[in-house]
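What follows is a set of notes on a single structure, which appears directly below.
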Amino acid sequence: MLENTRSYDLKMNCEKEERNGINDEILEFPCKELLPPGLYRMLIASWEDMGIQATPDGPRRKIAFAFDTVQLADSNGRPFRLNKWLNFSNHADANLTKLRVAVHGKGLTAEQLKALNIKLELIGKEIGCQILHREREGRPFASIDSFVPLETI
């Protein structure tokens, strides 16, 4: 068994298979360990500006956030990490606004809605995240469904 040392620790099962007299390595990707559905304390670990992305509603600027579980670890002792892409929007119904409200534990003032310093306001903060399981192309994955203030956990 080979083990990749990158942060996502992808494990691959390598086998030799002979086809047409040529030895090929067959790499098999295992099922990723899934965070069980539920409500969790999570740390907003990092972010990245993904720029303008095509969406069903037209081009939108996207911000990718990485969330780590605080009290639950995977079988290797590391926090589970989930990623969530959000539209860069200050609209009241936007998920980025909902994330900010969950961090602050209360609604945002008009002044707070005008600007955002992601690093100071969000990174390193803990919030509650509702996790659900979804499926894409026949493969299950854990997904952040909603954000809640820590007081509700």
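A short reminder: the numbers here are calculations on the coordinates, not readings from a lab. Just so it is clear, the structure is predicted and the values come from calculations on it, not from any experiment. Because the Cβ atoms are built from the backbone with ideal geometry, glycine has one as well, and the counts that use them run over all protein chains shown.
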In region 77-153, the chymotrypsin sites (Phe, Trp or Tyr not before Pro) that fall in loop regions by DSSP, at most 10 other Cβ within 10 Å: none
Length-normalised contact order of region 63-106 in % [C-alpha pairs under 8 Å, at least 6 apart]: 30 percent
Listed pairs 84/125; 84/119; 32/125; 62/125 exceeding 23 Å between Cα atoms: 32/125
Phi-based couplings in Hz for region 54-67 (Karplus 6.51, -1.76, 1.60; Gly and Pro marked x): 6, 9, x, 9, x, x, 9, 6, 10, 10, 9, 10, 10, 10
Descending semi-axes in whole angstrom, ellipsoid equivalent of region 38-152, from the Cα gyration tensor: 23, 19, 13
Amide H partners (placed H, <5 Å) of residue 39, local residues excluded: 131
